[in-house]
Amino acid sequence: MSASPQAVRLILLGPPGAGKGTQSKLLEGRFGVRQISTGDILRKHVSDGTALGKEAKAYMEVGAFVPDAIMIAMMEQQLVGLDAFVLDGFPRTVTQAEALDATLARLHKPLSAVLLFDTDHAALVRRLTGRWSNPRTGRTYHEEFNPPKVAGICDEDGGPLEQRPDDKVDVVEKRLQVYDEQTAPLVDYYAKTGFLKHIDALAPIEDVTAQIFRAIGARDGATA
Ligand code: AP5
C-alpha cells in the first residue's frame, strides 16, 4: 500500500499491554498524525472529575468497558475535521466497529489498515504490572523493557511517573478476560474486510515500529 501521511488512518487492535499506546505515540511523533487514545481521554475526565469521568471510573477500576453509547459519541466528536488518525483503544466491541464504519463512510474517510498486535498472556501481565506512565501526557515506560533515564521521572517533562490503578494484577486479569470476550471477535470482523495486518508485538519496541512502517508502506517516517 502507498499512503500519504495525510491519509494514514489506522486502528491499533490488541489486548491491554500489547504496546498500542507506545506505538501510537511514536507514530504521532514520526508522521504528525493524530493519536486518539480513548483510555487517555477517559483518564483525563477521571482526573478532572467530570460527570463522564465519575461514571467511567466505576467501570475502569474493575477492568470493565465503558458503555458503547458513551464511547461511540466520544469517538464521533474526535473524528470531526480529522483527515488522518491512529485509533488506540477504539473500537473494542463489534457495536463500536459498526458505528465507526458508518461514521467513516459518512465522512468519506476509508481506513488504511487495522494492525493486530499479536502477543501472549504472560508477556501482557509482565508488561502491565511493570508499566509506569506520565498522567499528564499519557507517555508510558516499563521498569525493565523501556525505563526512564531516572527511575520514577518522565524524560520529557521531568514530572513524576505513576502506576495506573487498573494495572494491579487482579484487574489486569479481568481486563484480559474482557478483551477475549468482547474485543477478540473484531479480529474476524476486520479479517473479512481485508484491512487486517498482523504485527509481532512480542518483538522489541523499535522492531514493532519497523513492522508497522512496512505494513503501511512507509519507511523511517516517510512514505514509500
Ligand atoms: P486503555 O487505556 O485503552 O487500556 P488498554 O487497551 O487496556 O491498553 P493499555 O494502555 O493497558 O496497553 P497498551 O496496548 O497501550 O500498552 P502500552 O503501549 O502502554 O483503556 C483503559 C480502560 O478504559 C479500559 O479498561 C476501559 O475501561 C476503558 N476504555 C477505553 N477505551 C474504551 C472503549 N473503546 N470502550 C469501552 N471502554 C473503553 O505498553 C504496556 C507496557 O509494555 C509499557 O510499560 C511499555 O513500555 C511496554 N512495552 C510496550 N511495547 C513493548 C515491547 N515491544 N516490548 C517490551 N515492552 C513493551
*Would you work out the charge dipole size for the chain about its Cα centre, treating the Cβ of every Lys and Arg as +1 and the Cβ of every Asp and Glu as -1, and quote it to the nearest 20 debye?*
420
_Förster radius 22 Å - calculated FRET efficiency between ASP200 and GLN177 (Cβ-Cβ, nearest 0.05)_ = 0.40
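Show that you can apply the helix-only estimate: for the chain, add -39,500 (n - 2.57) for every DSSP H stretch of four or more residues, divide by all residues, and state [θ] at 222 nm to the nearest 500.
Helix-only estimate at 222 nm: -13000 deg cm²/dmol.
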*Over the Cα atoms of region 106-224, compute the convex hull volume and normalise it per residue, giving Å³.*
160
*Please calculate how many Å² of accessible area the chain carries per residue, with a 1.4 Å probe and no DNA, RNA or ligand atoms counted.*
48
*Cross-link list LYS149/LYS192; LYS25/LYS174; LYS57/LYS192; LYS20/LYS149; LYS25/LYS168; LYS44/LYS149: which exceed 32 angstrom alpha carbon to alpha carbon?*
LYS149/LYS192; LYS57/LYS192
*Between VAL150 and LEU82, what is the FRET efficiency for a Förster distance of 30 Å, r being their Cβ-Cβ separation, to the nearest 0.05?*
0.25
*asked:* Could you tell me how far the Cα centroid of region 15-49 sits from the Cα centroid of region 95-128, in Å?
replied: 13
*asked:* How are the alpha carbon pair distances in region 48-169 distributed across 10 Å bins from zero to the largest one, expressed in percent?
replied: 11, 31, 36, 21, 2
*Within region 140-157, what residues put their amide N at less than 12 Å from the label point 7 Å along the Cα-to-Cβ vector of GLN163?*
143
*For the chain, which whole percent of the accessible surface, found with a 1.4 angstrom probe, sits on carbon and sulfur atoms?*
55
*Compute the projected area of the convex hull of the Cα atoms of region 28-93, averaged over all viewing directions, and report it in nm² to one decimal place.*
4.9
*Descending semi-axes in Å of the chain, equivalent ellipsoid built from Cα gyration tensor*: 25, 22, 18
*Segment ASP188-ALA51, length gained on full extension (0.36 nm per residue, minus Cα span)*: 45.8 nm
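The values are calculated or read from the model by the stated rules, or taken from the named source; none is laboratory data. Note that the coordinates shown come from a computational prediction; the quantities given were computed from them, not determined experimentally. Cβ sites come from the backbone with ideal geometry, for glycine too, and all protein chains shown count toward neighbours. Accessible surface areas use protein heavy atoms only, side chains included; no ligands, DNA or RNA. Shrake-Rupley method; radii C 1.70, N 1.55, O 1.52, S 1.80 Å.
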